[in-house]
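What follows is one structure encoded as structure tokens, with my remarks underneath.
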Amino acid sequence: MHSHTVDGTVTWAETDASGRIHNTAVFRWAESAEHALCYRLDPGLAIERIPRRRVEANYHRPLAFRDAYTLTLSVAHLGRTSITYAWTVTSGDELCIEGGHVAVFTDDVGRASPWPETFRAAVSGGPVHHDGISSTNGDQP
């Protein structure tokens with residue numbers, strides 16, 4: 001399945017009084033990676049119609065102000081109306097945080113709705129058409 005990697009450095013605004021990351025910072029990082037991945041797969045996808053339904057994280061090693069990190073987010077499962085992501089945050093060779101979240105595509109009034117075919121095809125690795133240009137998942141032969 002598809003993935004997206006983001007390299008970053010912990011900023012002061014992402015820390016609490018101890019100088020370590022606030023527990024919510026990783027969810028913002030994962031959401032930014034999710035949006036970048038969705039845009040890469042289907043630039044016309046309505047990101048504002050994909051609320052989170054469940055989030056979780058396990059913290060193995062604290063990150064502090066100015067620590068470099070790498071977040072890797074992967075599609076774990078695409079359902080009819082939902083998508084499950086798994087992600088890890090590492091610093092150097094150490095696993096710092098692992099987690100995941102489930103998001104649901106919704107209609108105009110917030111009810112779960114099937115994914116657009118363009119997004120489903122892109123996640124599945126089939127041909128994707130953007131403005132008349134056809135491309136495939138780079139992992140395909």
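None of the figures in this text is laboratory data; all of them are computed from the coordinates on show. As the structure is a prediction and not an experimental result, all values here were calculated from the model. In this analysis, Cβ positions are derived from the backbone assuming ideal geometry, glycine residues included, and neighbour counts consider all displayed protein chains.
Find out how many positive minus negative residues lie around G100, taking Lys and Arg as positive, Asp and Glu as negative, among other residues whose Cβ is under 9 Å from that of G100. Intermediate results must be reported in sequence, preceding the final value.
Details: positive: R54; negative: E56, E98.
For residues surrounding G100, the net value is -1.
Cα axis of helix 25-41 to longest principal axis of the chain: angle in degrees, 0 to 90, nearest 10?
20 degrees
Can you list the residues of segment 101-123 with backbone N under 20 Å from a point 7 Å past the Cα of R80, pointing along Cα to Cβ?
102-123, by backbone N distance to the label point.
Suppose every Lys and Arg Cβ carries +1 and every Asp and Glu Cβ carries -1, with no other charges. What dipole size does the chain come out with about its Cα centre, to the nearest 20 debye? Walk me through the numbers on the way to the answer.
Working: 12 positive and 17 negative charges, 66 e Å.
Dipole about the Cα centre, nearest 20: 320 debye.
Go ahead and estimate [θ] at 222 nm for the chain from helices alone: -39,500 (n - 2.57) per DSSP H run with n ≥ 4, summed, over the residue count, rounded to 500.
Helix contribution divided over all residues of the chain: -5500 deg cm²/dmol.
Would you mind counting up the charge near R20? Only other residues with Cβ under 12 Å from its Cβ, with Lys and Arg at +1 and Asp and Glu at -1. If you can, show how the numbers build up before the last one.
Details: positive: R61, R66; negative: E14, D16, D67.
Within the 12 Å Cβ shell, the charges total -1.
Ratio of segment 12-84's C-alpha Rg to 2.2 N^0.38 Å, to two decimals?
Against the compact-globule rule of thumb, the ratio is 1.28.
If Lys and Arg each add +1 and Asp and Glu each add -1, what is the summed charge of the other residues whose beta carbon sits under 10 Å from the beta carbon of S113?
Taking every Cβ under 10 Å from that of S113, the sum is +1.
Work from the charge dipole of the chain (Cβ charges, +1 for Lys and Arg, -1 for Asp and Glu, about the Cα centre) and give the residue of T70, L37, V109 farthest towards its positive end.
Most positive-ward Cα: V109.
Here are labelled values, (1) 14.7; (2) 16.1; (3) 19.0, and one is the computed Kirkwood radius over Cα pairs in Å for what I pasted. Which one?
So the structure-derived entry is (2).
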